[in-house]
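A.B. asks: I am attaching a structure below and will ask some questions about it afterwards.
The values are calculated or read from the model by the stated rules, or taken from the named source; none is laboratory data. All of these numbers come straight from a predicted model, not from anything done at the bench. A quick note on method: Cβ atoms are made from the backbone with ideal geometry, for glycine too, and the neighbour counts reach across all protein chains shown. Surface areas here come from the heavy atoms of the whole protein model, side chains and all, with no ligands, DNA or RNA. Shrake-Rupley method; radii C 1.70, N 1.55, O 1.52, S 1.80 Å.
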Amino acid sequence: MIGCINHIGIATRDVEQAAENWAKIYGAIDAGDAFDLPEQGVRVKFINLPNGQLELIAPLGENSPIEKFLQRHPSGGQHHICFEVDDILQARDEMINRGAKVLGNGEPRIGAHGVPVIFIHPENSGGVLVELMQKPTGD
Ligand code: CO
């Protein structure tokens, strides 16, 4: 079923400022420039770790899900955990068969890594929003 942790999503108002803080306090090095994902309503910046990444995410546009999160958590905070799966469609069907709630219309969307992802409702994971991500080829 789920494989490696790919990244941990952290919501923030300003991904550049957050990356500076992770560098200053923890010596964590960012993975390159921030970029926008308009269809998901987020601005993203990755930080590389030896065994995965942090995904800093800020609201983009009016209906961003991150805006709603930040209204509940004004200082920002952990937003989701992302696990790799071998086959996103098979994983989606398994989750539904197990009674889990797949967010949205259930169709995978292209995530920040350019591969399809789905999100599982926090009620299925003790309050944690889970992202499942098709394992990138070439790994
Ligand atoms: Co993510």
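A.B. asks: Could you count how many residues in the range 36-74 are within 16 Å of the ligand (Cβ to nearest atom), touching a residue at least 60 places away in the same chain (Cβ under 8 Å) and open to solvent by 70 Å² or more (accessible area, probe 1.4 Å)?
C.D. replies: 1
A.B. asks: For Gly126, all conditions in the list (1) under 17 Å from Met1 (Cβ atoms); (2) among the small types (Gly, Ala, Ser); (3) under 14 Å from the mean Cα position of the chain (by Cα) hold save one; what is the number of the exception?
C.D. replies: Answer for Gly126: the failing condition is (3).
A.B. asks: Tell me the strands (runs of 3 or more DSSP E) entirely within the range 34-139 that contain at least 1 residues that are on the phi > 0 side of the Ramachandran plot.
C.D. replies: In the range 34-139, 52-59, 77-85 are the strands (runs of 3 or more DSSP E) which contain 1 or more residues that are on the phi > 0 side of the Ramachandran plot.
A.B. asks: Which residues, counting only those in the range 75-95, are without any contact (Cβ under 8 Å) to a residue 60 or more places away in the chain and either open to solvent by less than 40 Å² (accessible area, probe 1.4 Å) or within 16 Å of the ligand (Cβ to nearest atom) (or both)?
C.D. replies: Within the range 75-95, Ile88, Arg92, Met95 meet the criteria.
A.B. asks: Another question, then. May I ask you to list the residues in the range 96-118 that are among the aliphatic types (A, V, I, L, M) and either surrounded by fewer than 19 Cβ atoms within 10 Å (Cβ to Cβ) or closer than 10 Å to Met133 by Cβ (or both)?
C.D. replies: Correct list: Ile96, Ala100, Leu103, Ile110, Ala112, Val115, Val117, Ile118.
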